[in-house]
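Q: Before I ask anything, here is the structure I am working with.
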Amino acid sequence: MVKKICVVGAGSSGLAAIKCCLEEDLEPTCFERYHDIGGLWRYKEDPEEGRASIYKSVIINTSKEMMCFSDYPIPDDFPNYMHNSKIMDYFRMYAKNFNLLKYIRFKTTVCSIKKRPDFAISGQWEIVTECDGKQDMGIYDGVLLCSGHHTFPNLPLESFPGIEKFKGQYFHSREYKYPHSFQDKRIIVIGIGNSGGDLAVELSTVAQQVYLSTRRGAWVINRVHDEGYPLDVVLLSRFKNVIKEFMTTDMLNCWVEKRLNARFNHENFGLKPKHRILSQHPTINDDLPNRIISGKVIMKTNVKGFTETDAIFEDGTIEKNIDVVFFATGYSFSFPFFEDSVLNAENNKIPLYKFVFPPHLEKTTVACIGLIQPLGAIMPVSELQCRWAVRVFKGLAKLPSQEDMLADVACKKKEMECRYVTSPRHTIQVDYLDYMDELASQFGVKPNLLHFLFTDPILAWEMFFGPCTPYQYRLMGSNKWSGARKAILTQQERIIKPTKSRVLVDDDMKKHHSVIPFPLKLLAVFALLAAVYFICL
Ligand code: FAD
Ligand code: NAP
């Protein structure tokens, strides 16, 4: 019988993993190589080996209602987009509330995970850990791998001839902490992912000049969306997903690009890529256009090479006397403690069934958690993956045949390759809502909207038109949460509360400010009723 589960890492995925094991009466032991929880979100002045590293100012770009765990809403007075210190406050509250800390062995590194000789029958793993220089070996029935995928920097120096002669300093974005020491410097930031955008903006507040170099360009999206609502709150609703179904990819691309260009013309701002908006992981940055229009950030093409002091760009321009180069060129992931035959990621490609299970094992007793890049928050995705994984470990949810799993892996790979521009940063992409529903369907916790339409129309309304918050996956099925309904019906208030700090006297706090216009809602209700009518016919 499956009982003892090893959880590797006590970041947000690891915390959710411990909680999900406890819900299913399993015995988790979580190993965390450092002394504290939080993983990537625990800020430290110096980057630590084997753990992701963030800069002091990092503010998350997924909002609180969309990033919380499904049975533990973030307090209403917390901001929608939280600073990393606030995120840590939330994780600490979560760990305390569910009493998770006692299952974590801090300062203990997982050194190796190997199949036991009788693995084909037992599905068990031999796990060697190290604490204070002493090694220990334990046997576990299952492994939830929560070690993160933003730890190992991708530093493609070979693509930048002359960098070895360059007399200035160069760093990976992982090493950046704060701007003070870059006062009056001439800086190049390479890469226009979210790290590149954030670094360019922040450095430009003190530097003499920042150049932001990109080989491809990017569409830049605002965190603060319509009526000041968080971007993900507006975009990630079931209603919007239905609308999407009626549009071709081209229509959708045109519509979004038109809106983005209406804010500032991407071509005139040197940002316009050749690819369409949906073909790249989004760069979210409210400040970048401001820094470009004020000349503090100057957009450049890719760097062709470096001399001792200068950077030569692919368009033939040269920027002289460069002091510092930041490579915001992303990350690669690997699992050095696993045998290659179990998990082998090459060029950030890893064949996993629904991004969770290696499909070729005799027994499915290992799951990769959080090894995805959703268009939305990772935390609730990791949590749902854990809920599914523990059900699979216990035999309460079945996986298809190896052949079917491999076919699904191949299909997903092909879809991703068709949609996204080829880049190692686009190998684990998922759409938040579709993927959450897909996971939830594997073990019966996908909410049945029609059921709620007839039994609880007020709830159904908010589930359909409101943001698809993680609480929706606690309404039915295993380990449902009695507070889920209330959490959904009060989510709009929690979104508004932290910004509405100056309340007008005659204002009604409880009034819902809907993101979707009323006529559209009415139309959707008719469409829904018509669909129900035809289904019932
Ligand atoms: P991590 O937080 O990386 O935690 C992994 C833990 O495992 C660490 O504590 C590490 O010490 C431990 N560990 C690793 N190997 C071992 C071992 N061998 N033995 C023992 N312990 C081990 N995601 C979002 O959803 N929204 C965002 O806005 C967002 N912003 C981001 C900003 C930046 C700058 C970066 C780099 C990433 C961002 N992400 C964001 C993605 C981020 O990875 C997730 O938010 C989240 O931190 C993933 O949690 P995790 O627990 O899976 O991994
Ligand atoms: P990333 O998303 O992988 O972006 C890497 C960038 O570097 C891309 O523009 C990529 O270009 C470029 N690049 C890679 N190799 C290159 C090369 N050889 N030459 C030129 N350019 C190259 O990495 P990231 O920005 O560090 O982001 C990592 C994760 O953290 C993402 O999930 C991101 O959303 C998250 N993040 C979030 C925040 C936030 O919440 N505030 C902040 C930072 C990061 P191509 O597209 O052409 O490959």
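Q: Assigning unit charges at the beta carbon (Lys, Arg +1; Asp, Glu -1) and nothing else, what dipole magnitude in debye, to the nearest 20, does the stretch 155-329 show about its Cα centre?
A: 220
Q: Something else: For the pair M247 and I59, how long in nm is the line joining their label points, each one 7 Å along Cα→Cβ?
A: Calculated label separation equals 2.7 nm.
Q: Hey, another quick one. Among L520, I298, F443, flag the residue with its Cα farthest along the positive direction of the charge dipole of the chain, charges on Cβ as +1 for Lys/Arg and -1 for Asp/Glu.
A: L520
Q: Name the residue from H360, F119, H180 whose Cα lies farthest towards the positive end of the charge dipole of the chain, charges +1 on Cβ of Lys and Arg and -1 on Cβ of Asp and Glu.
A: So the residue we want is H180.
Q: Place the peptides 472-481, 294-303, 117-126 in order of packing, highest mean first, counting for every residue the other Cβ atoms within 10 Å and averaging per peptide.
A: So the order, starting with the most tightly packed, is 472-481, 294-303, 117-126.
Q: Moving on. Roughly to the nearest percent, how much of the accessible area of the stretch 155-329 is carbon and sulfur, given a 1.4 Å probe?
A: It is 52 percent, rounded to a whole number.
Q: To continue, here is another question. Taking only protein heavy atoms into account and a 1.4 Å probe, give the accessible area per residue of the stretch 155-329 in Å².
A: Here the residues of the stretch 155-329 average 46 Å² of exposed surface.
Q: Give the cross-link partners of K363 among the lysines, using a straight C-alpha distance below 19 Å as the criterion and excluding same-chain residues fewer than 8 apart.
A: Here the lysines satisfying the reach criterion relative to K363 are K3, K4, K114, K115, K354, K394, K398.
Q: Tell me the relative contact order for the stretch 155-329 as a rounded percent, counting alpha carbon contacts under 8 Å between residues six or more apart.
A: About 41 percent, as a whole number.
Q: I would also like to ask the following. Quick check: residue separation of D434 and L22 times 0.36 nm, minus the Cα distance between them. What number comes out in nm?
A: Answer, rounded to one decimal: 145.6 nm.
The values are calculated or read from the model by the stated rules, or taken from the named source; none is laboratory data. Since the structure is predicted, the reported quantities are computational estimates derived from the model, not experimental observations. Glycine gets a Cβ as well: all are built from the backbone with ideal geometry, and neighbour counts include every protein chain shown. These area figures cover heavy atoms from the full protein model, side chains too; ligands, DNA and RNA do not enter into them. Shrake-Rupley method; radii C 1.70, N 1.55, O 1.52, S 1.80 Å.
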